[in-house]
Amino acid sequence: FFDIDHRLKTLVLFHEECLEHRTAQAHQEAPERCVAIRGKLQAELDECFIHSSSNFPSAIRQQLLYAHNERYIDFVFDLHNKVAKLGGPVPFTPRVQVMHGVEKARVKAETGCDTFFSQGSLPAALRAVGAVCNAVDRVVSGHNRNAFCIVRPPGHHAGVSGLLQDAISCGFCIFNNVAIAAMHALRTYPTKVKRVAIVDFDVHHGNGTEEIIRTKFNNPSAFFFFSVHLFDKPPTGGEFYPGSGGSDDAACNIVNAPLTPLWRVAANKTRSRSRGARSGGADGANGPHAGRIGTRGASRAQAAADVEGSDNGDSGGAPSTAPSRDNGEDAAGSASSTTANQDSVAGSDTAPTYGRAAFRANITDRLLPALHEFNPDLIFISAGFDAGKNDIGCSKTENGKYSSGIDLLPEDYNWATKRIQAAADACCHGRVVSALEGGYGTWARVKDVKSGSGNARKLVLNRDQLAENALAHVKALVN
């Protein structure tokens with residue numbers, strides 16, 4: 001059946017050029033991310049269900065202007081010419097800060113930089129944008145039902161001028177792939193696409209996308225943005241990157257669903273993994289559709305039930321993990337296991353604010369009603385998998401203790417994607433374009449064969465859990 005009608009297939013886009021973006025040695029945002037995800041999809045999904053392609057063009061400068069200003073684009077192209085002469089990757093964030101006129105004392109030290117730019121970075125970034133724009137073309141024209149783009153560098157932290165004013169890092173991003181593609185859809189298909197929705201479930205707030213929607217696009221009737229993410233901004237400092245997304249912006253049709261990190265949950269409010277979550281719910285924040293989204297005990301109870309008995313996706317634990325992107329701290333050492341079990345009664349008015357139950361409840365109570373009310377013609381997913389259990393992207397180390405902030409499993413990504421796809425089926429002929437954002441892997445100890453000692457072990461990044469999470473996401477798109 002799928003062999004007969006290609007329009008029912010999920011498009012999977014990948015290009016080798018995205019692997020040429022080089023970062024520092026042993027950096028988590030590495031080519032191996034895409035390699036692991038692509039390999040997993042090829043091994044587990046029959047070609048009768050997906051259409052894999054590398055046949056798409058890179059983005060052109062005019063498309064970049066949809067989301068970014070000329071000064072920033074000129075800076076990136078100029079840096080590309082300079083790096084071509086220098087050779088290896090250079091720290092990116094401090095150079096963007098200098099372009100912004102940040103005083104020297106506040107410019108990020110190059111030795112502590114987490115975002116890099118190499119000779120292959122500009123070609124990779126242009127190819128990433130091109131992939132998402134091509135996915136739009138294929139989906140809107142009806143050639144494919146939906147699409148998943150395996151791309152890097154990621155994009156949702158890139159604002160109008162690259163680095164946002166209050167941000168401490170570019171967050172591994174150069175161009176905002178999804179925001180550019182969203183405007184590409186509106187400009188290229190004005191009769192078919194009048195409203196677009198962007199759903200971001202990366203563990204970090206999509207601050208760049210939000211800024212672009214609020215300031216560059218500034219058209220609430222055409223855009224809806226939803227982000228569910230960890231939020232931790234203690235008064236003493238050490239915020240979880242990027243430290244934004246704590247509230248909604250009703251005027252701009254922006255809904256933020258901040259989740260409390262597991263490391264902020266009191267010990268007497270966590271339970272062993274074996275007991276499972278007993279509740280679910282919204283985080284209580286009000287948004288553009290608060291009148292319709294309000295608190296619903298029944299849906300919170302259903303979210304909790306779904307956590308205990310998920311409907312699909314591959315589950316399973318992950319190895320111990322450690323460091324993350326620049327959250328103001330460095331993480332290392334062994335992992336302490338924390339879970340998402342919520343200490344509340346199913347169906348009560350106490351809404352969970354952390355863990356898997358809170359993630360699902362925010363999708364159920366805050367995203368889906370708003371999505372149906374907005375009635376988009378196309379839905380984008382900024383698909384970050386760094387909220388996965390023990391992924392280094394959702395970790396921190398404090399006082400020598402390593403902690404994870406959230407613990408999503410493959411079935412959670414499958415569950416959320418199914419709900420988003422169902423909304424797309426109801427609103428916009430199933431049109432969904434998903435693009436890879438974060439998700440880096442877990443730390444695992446393996447035998448060090450080069451040490452000369454039979455018992456020596458070393459830490460390496462294991463991408464298996466990342467690949468499983470992405471597979472569960474794509475399985476839901478394929479359905």
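The values are calculated or read from the model by the stated rules, or taken from the named source; none is laboratory data. What you are looking at is a predicted structure, and each value in this text was computed from that prediction instead of being measured. Don't worry about glycine lacking a Cβ; one is built from the backbone with ideal geometry, like all the others, and counts go over all protein chains shown. Each accessible area value is taken on the protein alone, full model and side chains, heavy atoms only, with ligands, DNA and RNA left out. Shrake-Rupley method; radii C 1.70, N 1.55, O 1.52, S 1.80 Å.
What net charge is computed for the residues neighbouring Cys18, neighbours being all others with C-beta under 9 Å from the C-beta of Cys18, Lys and Arg scored +1, Asp and Glu -1? Charge balance near Cys18 sits at -1. Think of a 1.4 Å ball rolled over the protein heavy atoms: region 355-464 then has 30 Å² of accessible area per residue. Derived from the Cα gyration tensor, the three semi-axes of the equivalent ellipsoid of region 1-130 are 35, 18, 12 Å, largest first.
Calculated from the alpha-carbon coordinates, region 95-224 shows an Rg and a Dmax of 15.9, 53 Å respectively. Partners of Lys418 within straight-line reach, counting lysines whose Cα lies under 23 Å from its Cα and excluding those fewer than 8 residues away in the same chain: Lys9, Lys40, Lys389, Lys475. Nonpolar atom fraction for region 1-42, defined as the carbon and sulfur part of the 1.4 Å probe accessible area, stands at 51 percent. In region 380-479, the ratio of gyration radius to Kirkwood radius, Rg to Rh, stands at 1.14 when only Cα atoms are counted.
Based on Cα contacts under 8 Å between residues 6+ apart, region 98-217 shows a relative contact order of 27 percent.
Projecting the Cα atoms of Ser244, Thr188, Ala222 onto the charge dipole of region 166-253 (Cβ charges, centred on the Cα centre) puts Thr188 farthest toward the positive pole.
Heavy-atom accessible surface of Arg106, to the nearest 10 Å², is about 150 Å², with a 1.4 Å probe and all protein chains retained. Normalised Debye scattering of region 1-55 at q = 0.17, 0.30 Å⁻¹ gives log10 I(q)/I(0) of -0.63, -1.19, counting only Cα atoms as equal scatterers and leaving out solvent. Only lysines eight or more places from Lys85 in sequence, or on another chain, were considered; those with a Cα closer than 27 Å are Lys104, Lys108.
Take 240-249, 373-382 and order them by the average number of nearby Cβ atoms within 10 Å per residue, most first; the result is 373-382, 240-249. The Cα-based radius of gyration of region 16-83, divided by its Kirkwood radius, gives an Rg/Rh of 1.08.
For region 396-460, with all protein chains in place and a probe radius of 1.4 Å, 46% of the accessible heavy-atom surface sits on carbon or sulfur.
Of the residues Lys418, Lys194, ranked by 1.4 Å probe accessible area with the largest first, the sequence reads Lys194, Lys418.
Across the accessible surface of region 46-205, with the other protein chains kept in place and a 1.4 Å probe, carbon and sulfur atoms take up 51 percent. Taking Lys and Arg as +1 and Asp and Glu as -1, the other residues whose beta-carbon sits under 14 Å from that of Phe117 total +1. Highest mean packing comes first when the peptides 113-120, 30-37 are listed by Cβ atoms within 10 Å, giving 113-120, 30-37.
Here Thr236 sits with roughly 130 square angstrom of accessible surface, probe radius 1.4 Å.
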